[in-house]
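Here is the structure we will look at.
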Amino acid sequence: MTTEASLVSREAYRVLPALHASRFTLFLLGLSLSLNLHLAHAAGLAERVIEHKLANGLTVLLVERHQSPVLSVNVTFGVGGANEHNGATGLAHLYEHMAFKGTRLLGTKDYEREQPLLDEMDRLNTAIDKLRGKLRASGQEDSPALQQLKQAFKEVQEKADAVVVGNEMALLYQRHGAVGLNASTGKDVTRYVVSLPANRLPLWAAIESDRMARPVLREFYKERAVVMEERRLRTEDSPNGLLYEAFAAAAFQAHPYGFPTIGWGSDIQALTPAVTTEFFRTYYGPANAVIAIVGDINPPEVIALIERTFGKIPGAPSPPPVVTVEPSQRGERRVEVEFDAEPVLLIGYHKPALGHSDDFVFDVLDSVLSEGVTSRLYQKLVREKRLAASISSDSGFPGVSAPNLFVISATPLAPHTTKELEEAIGLELDRLTTEPVSSKELEKVLNNLDAALVRSLRSNSGLASQLAFFQVVAKDWRYILKVRERIAAVTPADIQRVAARYLVKSNRTVATLVRAHSAKSSVAGTSPPIGSATAPAKAPSAMPAQ
């Protein structure tokens, strides 16, 4: 029996001695834009990345770094909120939660006893939903028969809970020195990350190949309720959450970028284990995944390890592409969200996807307008005119694989209003079409990128995230080596052309957060001063804004 195979048993999991590993910081994917092949530290990156593809389609990217006996792993799947449809939104996010519930080996005391209980819970839940639908159609909310079904479901759930080993996967990683175990779901990708001692890579391979091949959706209904509560906290009870949700829905009327990644509440409540399992089978096969490992590794040994573990997973058909294309916008769209909170302004302009020549121009625009305290919007609206308490831009909302939005978010500073702020922002955008950006401003853009490179190279996890992300969304991790020279090639004339083409009224969506009692006056631009709010953190175009 091979070492990693022997790890796929609870006994082996428990007897391995725990090791200590230092905590690491997960750098933002936005730093990936800064990789610069012309800088000394990055000059050899193209030669240092080892790429390997398994027969089942799984792509593996490896980089050796022997400064310390640790490594970081990033597993990225090419699936996110953009792969959903009405009636089943939130599937990718819910599955991300379920993926931590374990497998047939992890998370259970006795899977053979557990599986029939899970099947019975699904049968009872279907019966409950069917009966509840009939009752509501006849104007009723409850009945003795419904109560009996709910009681039967509760009893079976309690039996299933008795077999569960809660949070076993995370605890197992923790006992063996792993840190940073986490996951995230965006519009384009879903990522699973962890950092651990180098000699625990066989443990990781055993756990993750098992999770990729044989996940078990235990505690499904409990976790669905957790996601519903998450939605209430982050969206329904959050002024910014509601504003961004309404903003995206207004800007994208056809493309699934308009759906909330967490899902619409009614859709979440209707998701079932059967639907979620089918989604997993469609999108989480090895050919739709990239594994990036950076740190103290021996690449030939790692490749052999992954071949022996992940290589056993059968290949699957390629997932269906997203075929919906957002039609060109033919007129400004405006939306207001009423909430008892401070005002916020969002202005979004449709723009091309990652890799388009104009997308690089938007990267420059993003930096010129809002990168740092010397940027145009900050200098003019925050420092000089004191119209805004905060202002930022994002050149890739809410995803980057498909045409997306260039977004400016701002909060007015009392006694100024969102209307005043919107007009001032419009004047600064008009300047882009009439006044060429100076060579000094363009130089600052490249300096910012180069500084970010230095920071990003400190982190194994940051580089692993960059490699995996771009391999999925750009179909080639080498995209990160080309970004700087493409941005350096942007001219003042390019900026004027792009601004004149895209930053126009007919191409924009404007969303405003207003107090409920002042919504009417806000429409007329006379809302009373109500202070400021904090806008979401700036997210560069090369990362999903999550």
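The values are calculated or read from the model by the stated rules, or taken from the named source; none is laboratory data. Everything numeric in this text was worked out from a predicted model, so none of it was measured. We place every Cβ from the backbone using ideal geometry, glycine too, and count neighbours over all the protein chains shown. Surface accessibility is based on the protein's heavy atoms, side chains included, excluding ligands, DNA and RNA. Shrake-Rupley method; radii C 1.70, N 1.55, O 1.52, S 1.80 Å.
With a simple spin-label model that places each label point 7 Å from the Cα along the Cα-to-Cβ direction, the separation between Arg334 and Thr126 comes to 5.0 nm. Stretching Arg383 away from Arg232 to a fully extended chain increases their span by 50.8 nm, per 0.36 nm per residue minus the current alpha-carbon distance.
Available extension along the chain between Ser143 and Ala274 is 44.5 nm, counting 0.36 nm per residue and deducting the alpha carbon span.
Rg over Rh for the chain works out to 1.00, using Cα positions for both radii and the Kirkwood form for Rh.
Applying 1/(1 + (r/R0)^6) with R0 = 25 Å to the Cβ-Cβ distance of Asn298 and Glu51, what FRET efficiency is obtained, to the nearest 0.05?
Approximately 0.95, to the nearest 0.05.
A DSSP coil position with no more than 15 other Cβ atoms inside 10 Å describes the following trypsin sites (Lys or Arg not before Pro) in the range 298-351: Arg330.
Entry note, the chain: relative contact order of 26 percent, from Cα contacts under 8 Å with a spacing of 6+ residues. Once the mean of 1/r is taken over each pair of separate Cα atoms and inverted, the range 145-303 shows a Kirkwood hydrodynamic radius of 19.0 Å. Relative to one another, the C-alpha centroids of the range 56-108 and the range 184-247 are positioned 8 Å apart.
Remark: the chain carries a charge dipole of roughly 180 debye about the Cα centre, counting +1 on each Lys and Arg Cβ and -1 on each Asp and Glu Cβ. Averaging the sequence gap over all C-alpha pairs within less than 8 Å and six or more residues apart, then dividing by the number of residues, gives the range 255-366 a relative contact order of 30 percent. Normalised size of the range 66-139, defined as Cα radius of gyration per 2.2 N^0.38 Å with N residues, equals 1.72. Using R0 = 35 Å, the C-beta based FRET efficiency linking Lys482 and Ser506 works out to 0.60. In the full protein context, the chain carries 43 Å² of accessible surface per residue, based on a 1.4 Å probe and ignoring ligands, DNA and RNA.
Approximating the spin labels as points 7 Å out from Cα along Cα→Cβ, the Val165-to-Ala225 distance works out to 2.5 nm. Each of Asn447 and Arg431 was given a label point 7 Å from its Cα along the Cα-to-Cβ line. The distance between the two points is 1.8 nm. Taking only protein heavy atoms and a 1.4 Å probe, the accessible area of the chain is 53% carbon and sulfur. Between Arg281 and Arg458, full extension at 0.36 nm per residue minus the direct alpha carbon distance yields a gain of 60.1 nm.
Across the range 265-281, computed HN-Hα scalar couplings (Karplus, 6.51 cos²θ - 1.76 cosθ + 1.60, θ = phi - 60°) run x, 5, 5, 4, 5, 8, 5, 10, x, 5, 5, 5, 4, 5, 4, 4, 5 Hz from first to last residue, x flagging Gly and Pro.
Rg/Rh for the range 438-485 (Cα atoms only, Rh after Kirkwood) is 1.06.
Each principal axis of the Cα atoms in the range 183-239 has its own extent, and those three values, largest first, are 45, 24, 21 angstrom.
Sort 466-472, 320-326, 425-431 for me by packing, meaning the mean count of neighbouring Cβ atoms within 10 Å per residue, highest on top. Don't jump to the answer; show the numbers that get you there.
Working: 466-472: 27.4, 320-326: 11.3, 425-431: 15.4.
In descending order of packing, they fall as 466-472, 425-431, 320-326.
Taking Lys and Arg as +1 and Asp and Glu as -1, the other residues whose beta-carbon sits under 12 Å from that of Trp264 total -3. Applied to the range 68-79, the Karplus parametrisation 6.51 cos²θ - 1.76 cosθ + 1.60 on θ = phi - 60° returns per-residue 3J(HN,Hα) values of 8, x, 9, 8, 10, 10, 10, 10, 10, 9, x, 8 Hz, with x for Gly and Pro. Helix content alone sets the calculated 222 nm mean residue ellipticity of the chain: runs of n ≥ 4 DSSP H residues at -39500 (n - 2.57) each, divided across all residues, give -13000 deg cm²/dmol.
Report, in listed order, any pair from Lys109/Lys130; Lys187/Lys312; Lys385/Lys440; Lys150/Lys222 with a Cα-Cα distance greater than 25 Å. The pairs that break the limit, which is 25 Å between Cα atoms, are Lys109/Lys130; Lys187/Lys312.
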